[in-house]
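In what follows, a structure is listed as C-alpha cells, so that the remarks can point back to it.
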C-alpha cells in the first residue's frame with residue numbers, strides 16, 4: 001500500500017521495534033497507491049516483507065478471508081501481549097471502486113469483475129450458508145439491523161453539539177510513567 005512507502009510508516013515500525021512495543025500494525029494492501037502499483041514503489045514483493053529490516057514479524061494474509069485475518073490477528077495480539085514485541089500484518093485486498101474521483105480506474109473490466117467476485121462480504125456469506133449458519137431470513141435481519149445502527153449513529157452525530165476546540169488535544173498522549 002502506498003502508505004507503507006511514507007516516512008511515518010517506517011518511523012512507527014522502527015519505534016515499535018526499538019521499544020519492543022506490544023502493538024500489531026495492520027496494513028490493508030490493495031496493491032495500489034492511488035494508481036501506482038506496489039511493485040513500482042517498493043523493492044520487496046509484499047508490505048509484510050518490510051518488517052524484516054526492523055526485526056519485526058511480518059505476516060501477509062488474504063484480507064478477503066475474515067477467518068484467516070482473525071486467526072493471524074489473534075496470534076499476533078497474543079504474541080504481543082506475551083512480550084514478543086510488535087508485528088506487521090498485511091491484509092491483501094482488492095479495491096472494488098476507484099481510489100478517488102480525480103484518477104480513473106486503470107484496471108481492465110476483467111480485473112474489476114475479478115475484484116467483485118473476491119468481495120469478502122458475499123464470499124463470507126457464501127461460506128456461512130455452506131456451513132449452515134446463514135439463510136435468507138437471517139441475512140435480511142442482519143442487513144436491517146446494520147442499516148438501522150448506521151442510521152442511528154449518523155443521526156446521533158448530526159444532533160451532537162460541536163465539542164470545544166481544546167477537546168482535540170485531550171486523550172492524545174498517555175501520561176509518562
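The values are calculated or read from the model by the stated rules, or taken from the named source; none is laboratory data. No experiment lies behind these values; they were computed from the predicted model shown. Backbone-built Cβ (ideal geometry, glycine too); neighbour counts: all protein chains shown.
Do we find that residue 144 is within 23 Å of residue 66 (Cα to Cα), free of Cβ contacts under 8 Å to residues at least 40 places away in the same chain and outside the structural domain of residue 30 (by TED's automatic domain parsing) in this structure?
yes
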- Message: Please pick out the residue among 129, 123 that is more than 23 Å from the chain's Cα centre (by Cα) and either in a loop (DSSP other than H, G, I, E, B) or closer than 25 Å to residue 62 by Cβ (or both).
- Response: 129
- Query: Looking at 139, 90, which one is modelled with pLDDT of 90 or more, outside the structural domain of residue 4 (by TED's automatic domain parsing) and touching a helix residue (DSSP H, G or I) at 6+ places or on another chain (Cβ under 9 Å)?
  - Reply: 139
- Which numbered condition trips up residue 68, out of (1) touching a strand residue (DSSP E or B) at 6+ places or on another chain (Cβ under 6 Å); (2) loosely packed, with under 15 Cβ neighbours inside 10 Å; (3) under 17 Å from residue 16 (Cβ atoms)? (3)
- Query: Within region 107-120, can you find the residues that are surrounded by 11 or more Cβ atoms within 10 Å (Cβ to Cβ) and part of a loop (DSSP other than H, G, I, E, B)?
  - Reply: 107, 118, 119
- Item | Top-ranked residue in region 37-60 [being surrounded by fewer than 16 Cβ atoms within 10 Å (Cβ to Cβ) and in contact with a helix residue (DSSP H, G or I) (Cβ under 7 Å, 6 or more places away or on another chain); ranked as nearest to residue 80 (Cα to Cα)] | 55
- Task: Filter region 5-58 for residues that are in a helix (DSSP H, G or I), touching a strand residue (DSSP E or B) at 6+ places or on another chain (Cβ under 8 Å) and at pLDDT below 80 and give the result.
- Result: 5, 38
- Conditions (1) touching a residue at least 60 places away in the same chain (Cβ under 8 Å); (2) in a loop (DSSP other than H, G, I, E, B); (3) closer than 23 Å to residue 117 by Cα; number of the one not met by residue 96: (1)
- Subset of region 71-83 that is surrounded by 13 or more Cβ atoms within 10 Å (Cβ to Cβ) and without any contact (Cβ under 8 Å) to a residue 24 or more places away in the chain - its residue that is nearest to the chain's Cα centre (by Cα): 72
